[in-house]
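Here's the structure, in structure tokens; my notes come after.
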Amino acid sequence: MIKNLIVFLRFVSASGIATGVDFGMAYTFLHTWSWSPTLATVLGNVAGALVGFWISKQWVFKSTSAFGSQAIKYALVASGNSLMNTTGVWLLTLWVSWHYLLVRIIVALFVFVVYSYGLNQWFVFKEKNHEELSI
């Protein structure tokens with residue numbers, strides 16, 4: 001149980017780093033180049049997904065499986081993640097006039113809790129028995 005909690009906390013940390021890259025890139029696209037919030041969200045998601053995959057494979061789940069098959073699975077999960085984030089940002093910016101960053105945070109937290117962790121643990125990196133992970 002403790003080791004599962006450690007894996008979860010590592011995933012939260014990795015997701016925080018990936019989200020920082022995601023939000024940073026999206027914010028730059030939006031405010032420096034005046035791109036649309038939807039396009040900025042998609043491009044930020046792609047950058048964050050690349051960082052998130054590498055950290056998750058190397059540190060969170062310590063996976064030794066083939067890169068290719070996991071990259072494909074991760075891309076599928078990340079695509080769903082991006083679709084949900086982008087759609088959520090698009091809908092909320094249509095319905096409310098909140099600041100873009102607040103909308104991104106609300107949507108990202110929802111997607112993380114409902115979707116991201118479970119699919120990464122049990123679909124992308126499932127070959128590892130988390131009871132055997134070293135701290």
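The values are calculated or read from the model by the stated rules, or taken from the named source; none is laboratory data. Note that the coordinates shown come from a computational prediction; the quantities given were computed from them, not determined experimentally. Here the Cβ positions follow ideal geometry from the backbone for every residue, glycine too, while neighbour counts run over all protein chains shown. Ligands, DNA and RNA are stripped out before the accessible areas are found, and what is left, the full protein with its side chains, is counted by its heavy atoms. Shrake-Rupley method; radii C 1.70, N 1.55, O 1.52, S 1.80 Å.
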When segment 19-38 is examined, which residues are found to be over 15 Å from the mean Cα position of the chain (by Cα) and modelled with pLDDT of 90 or more?
Tyr27, Thr28, Phe29, Leu30, His31, Thr32, Trp33, Ser34, Trp35, Ser36
Quick check on Leu119: is it of a type in the set (A, V, I, L, M, F, W, C), over 29 Å from Leu5 (Cβ atoms) and either without any contact (Cβ under 8 Å) to a residue 24 or more places away in the chain or part of a helix (DSSP H, G or I) (or both)?
no
Sort out which residues of segment 69-99 are over 18 Å from the mean Cα position of the chain (by Cα) and under 15 Å from Asn120 (Cα atoms), and write them in order of number.
Ser69
Residues that are open to solvent by 40 Å² or more (accessible area, probe 1.4 Å), among the aliphatic types (A, V, I, L, M) and farther than 14 Å from Val21 by Cβ, drawn from segment 50-77:
Ala66, Ile72, Ala75, Leu76
Starting from segment 6-24, keep only residues that are charged (D, E, K, R), then list their pairs with residues that are at pLDDT 90 or above whose Cβ atoms are within a distance under 6 Å, requiring at least 6 positions of separation or different chains.
Arg10/Val60; Asp22/Gly44; Asp22/Gly48
Name the residues in segment 80-111 that are modelled with pLDDT under 90, under 16 Å from Leu39 (Cβ atoms) and of a type in the set (Ser, Thr, Tyr), would you?
Ser82, Thr86, Thr93, Tyr100
Condition check for Ser63: modelled with pLDDT under 90 and touching a Lys or Arg at 6+ places or on another chain (Cβ under 6 Å)
yes
Any idea how many residues of segment 24-49 are open to solvent by 30 Å² or more (accessible area, probe 1.4 Å) and either in contact with a Leu (Cβ under 6 Å, 6 or more places away or on another chain) or more than 21 Å from Leu119 (Cα to Cα) (or both)?
14
Please specify each residue of segment 82-114 satisfying the condition of being open to solvent by less than 40 Å² (accessible area, probe 1.4 Å) and polar (S, T, N, Q).
Ser82, Asn85, Thr86
